[in-house]
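A short write-up of the structure that comes next.
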Amino acid sequence: MNKDFKKLFGQNVCYYRKLAKLTQEQLAEKIGVSANTISYIERGKNSLHFCRLPLLADALGIDVYKLFVFVDLENDPDVLLKLIKTATLKEQAVIAEVTRTILAL
């Protein structure tokens, strides 16, 4: 399987998992795989069996097709804003501090 495809798919899984405020462990439990499997998928090291796609999408609260819509997650400001909104207050504080540091350069 194409490594770029697996990496992009994994980025989508990670993105939607964070939007759903699920840990890797929680998502793994919902779809019947190990937390390591979710980690491997998110890093593009492994793929998910086709029959588990509906379970994954359902657990993430999205339609299956969204897992295959690859956008530039690194450069899309809307994606960044959504991720920040789903972060904990502690994570948001860290993001703010890092942003201030970068902007001061």
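The values are calculated or read from the model by the stated rules, or taken from the named source; none is laboratory data. Keep in mind that this is a model prediction, so the values were computed, not measured. In this analysis, Cβ positions are derived from the backbone assuming ideal geometry, glycine residues included, and neighbour counts consider all displayed protein chains.
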So, in the stretch 73-105, of the ones that are within 23 Å of GLU42 (Cα to Cα) and of a type in the set (S, T, N, Q), which residue ends up modelled with the highest pLDDT? GLN92
Can you name every residue in the stretch 15-34 that is surrounded by fewer than 19 Cβ atoms within 10 Å (Cβ to Cβ) and either among the acidic types (Asp, Glu) or in a loop (DSSP other than H, G, I, E, B) (or both)? ALA20, LYS21, LEU22, THR23, GLU25, GLU29, GLY32, SER34
Given the residues GLY32, GLY61, which is the only one that is in contact with a Lys or Arg (Cβ under 8 Å, 6 or more places away or on another chain) and of a type outside the set (A, V, I, L, M, F, W, C)? GLY32
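For the stretch 89-105, how many residues are among the hydrophobic types (A, V, I, L, M, F, W, C), more than 26 Å from LEU60 (Cβ to Cβ) and exposed (fewer than 10 other Cβ atoms within 10 Å of the Cβ)?
The number of residues fulfilling the criteria is 4.
Taking the condition at pLDDT below 95, of a type outside the set (A, V, I, L, M, F, W, C) and either surrounded by 16 or more Cβ atoms within 10 Å (Cβ to Cβ) or closer than 13 Å to LEU67 by Cα (or both), does ASN12 pass?
Against the criterion (at pLDDT below 95, of a type outside the set (A, V, I, L, M, F, W, C) and either surrounded by 16 or more Cβ atoms within 10 Å (Cβ to Cβ) or closer than 13 Å to LEU67 by Cα (or both)), ASN12 qualifies.
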Check the stretch 64-78 and report whether any residue there is surrounded by 12 or more Cβ atoms within 10 Å (Cβ to Cβ) and more than 13 Å from the chain's Cα centre (by Cα). yes
Assess whether THR86 counts as being of a type in the set (Ser, Thr, Tyr) and loosely packed, with under 10 Cβ neighbours inside 10 Å. no
